[in-house]
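Only one structure is covered here, and it is reproduced in the block below.
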Amino acid sequence: MLTLSDALAANAVKWPDAVCLADAHRQFTFAELHARTNRLANGLLAMGARPGDAIAVYARNSIEYMELFHVAARLGMRLVTLNFWLRTTEMAVLLEHSDARFLVIGESAQNEIAANRRLFPQVERVLVIGNPVIGDALSWASLLEEAADDDPAITVDPLAPYWMMYTSGTTGNPKGLHRSFQRTAMCIWAGIIEFGYTRHDRFLALSPFFHGVHFMPLMVLAAGGSIYIEPEFNAARVLETIETQGITATFMVPTMLNLLLQEPRFAETDFSALRSVVTGGAALSTATKTRMLEAMGPVLHEFYGASESGFITVLHPQDQWRKERCCGQPCFGAEVQIRDEQGRPLPAGEIGEVFSRCEGRFDAYYKDEARTAAVLDNGWFTAGDLGRMDKEGFVYIVDRKSDLIISGGENVYPREIEDVLSSHPGILECAVVGMPDPVWGEMVVAVIVRDGAAGPNAEQVIAYCSERLAGFKRPRRVEFVSSLPKNASGKILKRELKNNL
C-alpha cells in the first residue's frame, strides 16, 4: 500500500525534473514538491503536530492545498477538507465536531476568521496561505523557510483515518465521513486504472479540492502526471487554459459544462490535446452531452458515486451514444447490486435501491457508529438512490429516495434550509424542493405559507437565508401558497408540490 506521500517520494526519484504542479504564476517539479512536503511536515512537527491529529483546511484551490494532502499523508494526520462557501459560523460547528487542532485558511478568509475566532477555541494554531494579518496566525511559507527537508521518518498506520469531509448540513447533527490511508490509496489506484491516467497527462483542476472528486487530480499526480490549478471556475479562462496549456484531462460538473457551452469562444477553441473529460455529481442533459461530443470528440466519461462510496460506475466514451441516460458499468474493483425492499438482489431491468461495495469506500461517519451501521451492510453501501441494471451490467439511476437537491454540483439538503426558514417569525409553514435549472442543474425553491399579512416578501426571504446559510444553499426562487399539500399523517407531499410549481 502506497500513501500519497509514498507515491510522491517514488516519483521524485523516477522523474525528479518533471513538472507536477503549476498555476498561472508558479510551477514545481516532483523533486521540489517532495522537498517542500518534507519541510512542511517538519515544520508542523515542530509546532506539536502528531500522527492522528486533525488539520482542517478552509481555502480555495491552490498549490499549497495540494501540498497539504501530501503533508498530512506524510505525518499520518487526519485531513479535514471544509467547504469554503460555508460561513465561518457554519464552519465552526464542523471544526468542533472534527476535533481539529490546526486550521489552514486562505488569505481572503482572515478577517472573518479573526472576527469569529472565539467560536473554535479548540483550534490551537491557524496557518495562512498567503500573508497573515491575524495576531496568532502563521504563514504557510514560514513553515518552508524554518524547517529542514529531511525525511520526518513517521510510520503511518494504513488503517488510521486520513481524509475527512462533510456531506450534509452543518447544524444539528453533522455527518463527517472519513477514509483510512489504505482505502484512499485503493480508490486512487482503482481510478488510475479505470480512467487510464498516466505520467503523460496534464490535468486541469477546477472543482473545489474539498470535494471527493479531488481524487482525480490526486490520481494523475500519483501516476506521475502534472496538475494545472485554477483557483475558481471562469469559462473563458478555462477554454484558454485547455488550449494553451495542452490540457489532456479534466473534471467538470454539468453546470461547468453548460457554462462552457455558453461562452462565445467555445466554438473556436482547439480541443485536440484533450482526451478525457470526466463529469458527475448531477445528471448531464442530453443536449449538453451532444454539443460537447460534437465539439470535443469522444472524450466524455460519466460516473456515478457518492462521497461515501467513491467511484462506483463509469460510462466511457465508446458507450455514450448507445446507452442513453446511463451512468455506466461498475468501476474496477467495485460491485453493484439492485435490491428490493427486503434486501434481495433483483434481476436485470427491475427497479430497486442501488447498493455498492468496493475497497475505496469510506470507513465510517466520525463519532457516529449508529449511522455508519445503518448505511453499511457487510461492506455494502447505499445512498438511497433507485435504479436498474441491464443485462450488460450498465446501471441507470431513475430517481432519488431522498429529497436531496444538487445545484451546481453541490449537495443541498432541504431540511437545513427549512429549519432556517421556520425560524422567521413571519413564516407559518415551508417546504424546500429542487426544480430543473438549465445552468445549475437544479435550483433551490422555497414554498412558503405566510403567518398573516405581515409576512416577508421574496426578497426578504432570500436575504434572511443569505445571512444564515452559504450562498449555494439559499433559495433562488420563492413561491407563496395558502397551504401545503399533506397526507393523512400531516407529512408534506413534496412530489405533488413540485408538480404544481
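Results for (1) over 30 Å from residue 288 (Cα atoms); (2) polar (S, T, N, Q); (3) in contact with a Leu (Cβ under 9 Å, 6 or more places away or on another chain), shown as yes or no for each residue.
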| residue | (1), (2), (3) |
| --- | --- |
| 319 | no, no, no |
| 323 | no, no, yes |
| 336 | no, no, no |
| 339 | yes, no, yes |
| 343 | yes, no, no |
| 349 | no, no, no |
| 358 | yes, no, no |
| 362 | yes, no, yes |
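When restricted to residues that are in a loop (DSSP other than H, G, I, E, B), under 30 Å from residue 395 (Cα atoms) and free of Cβ contacts under 8 Å to residues at least 60 places away in the same chain, the range 248-272 contains 3. Out of all the residues in the range 176-234, which are β-branched (Val, Ile, Thr) and within 20 Å of residue 6 (Cβ to Cβ)? 184, 188, 192, 193, 198, 220, 227 - these are the residues of the range 176-234 that are β-branched (Val, Ile, Thr) and within 20 Å of residue 6 (Cβ to Cβ). When the range 193-205 is limited to residues that are at pLDDT 95 or above and aliphatic (A, V, I, L, M), the one that is surrounded by the fewest Cβ atoms within 10 Å (Cβ to Cβ) turns out to be 204.
Looking at the range 331-379, which of its residues are of a type in the set (Phe, Trp, Tyr) and surrounded by fewer than 18 Cβ atoms within 10 Å (Cβ to Cβ)? Reasoning before the result, please.
Going residue by residue through the range 331-379, those that are of a type in the set (Phe, Trp, Tyr) are 332, 355, 362, 365-366.
332, the sole residue that qualifies.
Every residue, every condition in (1) modelled with pLDDT of 90 or more; (2) among the acidic types (Asp, Glu); (3) within 22 Å of residue 167 (Cα to Cα), yes or no:
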position	(1), (2), (3)
50	yes, no, no
77	yes, no, yes
82	yes, no, yes
112	no, yes, no
119	yes, no, yes
135	no, no, no
143	no, no, no
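Could you check how many residues of the range 7-30 are among the charged types (D, E, K, R) and closer than 18 Å to residue 214 by Cα?
Filtering the range 7-30 for residues among the charged types (D, E, K, R) gives 14, 17, 23, 26.
So of that shortlist, the ones also closer than 18 Å to residue 214 by Cα come out as 23.
Residues meeting the conditions: 1.
Every condition in (1) part of a strand (DSSP E or B); (2) under 30 Å from residue 316 (Cβ atoms); (3) assigned by TED's automatic domain parsing to the domain that holds residue 479 is met by residue 448 except one, and the failing one is (2).
Take the range 420-432 and flag every residue that is surrounded by 16 or more Cβ atoms within 10 Å (Cβ to Cβ) and either not in a strand (DSSP E or B) or not assigned by TED's automatic domain parsing to the domain that holds residue 463 (or both). Write out each step before concluding.
Step one: filter the range 420-432 for residues surrounded by 16 or more Cβ atoms within 10 Å (Cβ to Cβ), giving 420-421, 424, 426-427, 429-432.
Hits for the range 420-432 are 420, 421, 424, 426.
Within this structure, residue 93 passes the test of being β-branched (Val, Ile, Thr) and modelled with pLDDT under 95. Note on the range 292-304: among residues that are free of Cβ contacts under 8 Å to residues at least 60 places away in the same chain and assigned to a strand (DSSP E or B), the one that is surrounded by the fewest Cβ atoms within 10 Å (Cβ to Cβ) is 300. The range 18-58 holds strands (runs of 3 or more DSSP E) entirely within its bounds, and those carrying 1 or more residues that are under 18 Å from residue 225 (Cβ atoms) and within 25 Å of the chain's Cα centre (by Cα) map to 19-22, 27-29.
The values are calculated or read from the model by the stated rules, or taken from the named source; none is laboratory data. This one's a predicted model, so the numbers in the text were calculated from it and none came from an experiment. Methodologically, a virtual Cβ is constructed for each residue, glycine included, from the backbone with ideal geometry; neighbour enumeration extends over all protein chains shown.
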